[in-house]
Structures are given as C-alpha cells and as structure tokens.
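The structure appears below as structure tokens.
Each reported figure results from applying straightforward, stated rules to the coordinates on display, with no laboratory input. Given the structure is predicted, the values throughout are model-derived calculations rather than measurements. Cβ sites come from the backbone with ideal geometry, for glycine too, and all protein chains shown count toward neighbours.
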Amino acid sequence: MSEKDKPKTWRERFRFSRTTETPVGGQDSEHPINAFARHVEVTALSPAQFVQLLETLDMLGKTGAGIELSSLSTEVLVDVVHRASKEQIKAIGEHEELRAVFIDEIFRRMSDHFVPERARNIDLVVSWRFTPGDGDDGFDRFQTVIEDGICVSGEDLDRAPDTTITLAAEDFIRMATGTVAVATMFVTGKVKVKGEYAPAVRFSSYFDLPQP
C-alpha cells in the first residue's frame, strides 16, 4: 500500500481539518450573514418557515454565493438557536440535511473552543449517537477524542469509546449551544450514557462557549 493510500490517523485528520475551520470566535462579526441572522425575527417564523430560511442559506452556500451557514460566528449561531423555539429546533433535528449541517458545524467548532488547561491529564474518547439518524441502526454516529491537550471530532475516528452518549439531535443542538442546562438533560433522562458516567457529565466544562 502506498503512503497516499494509507488511511489517515485521527491526528492526521485533525491537522487537515484545522486548515478549514473557522478561527476562534468565528468569522468577522461584520460578515453579512451575521448581520442578517441577528436581525431575523426568529420568533415570528413557524417551524416550516424557519427550516425554509435555513434551507435557502444552505443552498446559497452550496452554490458559492458567499452566504453560507458556516460563515456564522459561533456567537451568532448560539444566539439564533437560543431565540428559536423547541419546535423550530425539533424541525432541524428531523430534517436530514439541516440536521447534518448543524451537527457538523458544532463538532467543527469544538476544537476552537476547547480549553486544554481545563482537561489536563484527560484522555477521553466519547462516542455520540443521535436520533433520528441515517445509519443502519437509526443513529447518526460521531466521536470526540480529547488527548494530549488536543480535541478533535469526526464521524469515524476508529477509537474504542470510554463513554457512549445517546440523545436526540435536537437536544444535542440545544445543549451544545447552552440553550438548555446539561444537568437538566441528564436528570430528565434525555441523555443516556453507556460506559463511564463522570466524563459525560464533565464534558462541557472542557470548553469555553459563548453564552446565549
């Protein structure tokens, strides 16, 4: 097998992915899509209208128009989710393409907001299972690896998990953006944990995310 044909290790994938990630704090806050998102009256939209708006922005991004969801700063993304209703976020979770876009965006930004000092001496592999999903077992699957002061996430990092967390995609979006308290999600049983429980509870403390 030639060198170029060998599968990349998770560290190699991390080095590659960092070249395409949004800088810490997101794009320039004056980017047109940030200004647009801040002024959208989210509460005036029905779930269907909310989804249609996001579909349009996603479509514009795919056509190279320069207006894509990935250009939203993390602060604005958090603000949009915070202002959206549960029904609107549920509509994202049930939408195959938008669900993937939002989950990908959250994981893409994780390493930017990871604080190594908060995870000293921590080696942790978290497997995520989201419902609904496109996998054969009905889940969308991702992994997050924290190791040697580095955090990287992806769909398949080929690592044996210390902890497996199962929850609805809509709940993950709300939890990851600080719209709902992590403790509440665990207490109400919306988050199911297999394996080590403590790392799952402490996971969010390893990151410095904008508050809604």
Mean separation of Cα contacts under 8 Å (6+ apart) over length of the chain, as relative contact order %
20
Treating the chain as a set of equal point scatterers at the Cα positions, no solvent, please give the Debye-formula log₁₀ I(q)/I(0) at q = 0.17, 0.18 Å⁻¹.
-1.31, -1.46
For the chain, what is the number of Lys pairs with C-alpha distance below 21 angstrom, counting only pairs 8 or more positions apart or on separate chains?
4
Write down the percent of antiparallel bridges among all DSSP beta bridges whose residues are both part of region 77-212, to the nearest 5.
75
Kyte-Doolittle mean at least -1.0 and Cα axial length at least 15 Å: DSSP H helices in the chain:
47-62, 96-113
How big is D for region 91-212, in µm² s⁻¹ as a whole number, if Stokes-Einstein is applied with the Kirkwood radius of its Cα pairs at 37 °C and 0.692 mPa s?
226
So who's got an amide H within less than 5 Å of the one on A168, skipping anything under 5 residues away but keeping other chains? H placed 1.01 Å off N, in plane.
T131
For region 34-152, just list the percent of Cα-Cα distances falling in each 5 Å bin from zero outward, please.
2, 10, 17, 19, 19, 15, 11, 6, 2, 0
Simple spin-label estimate for T188/K62, 7 Å along Cα→Cβ, in nm, reads 3.2
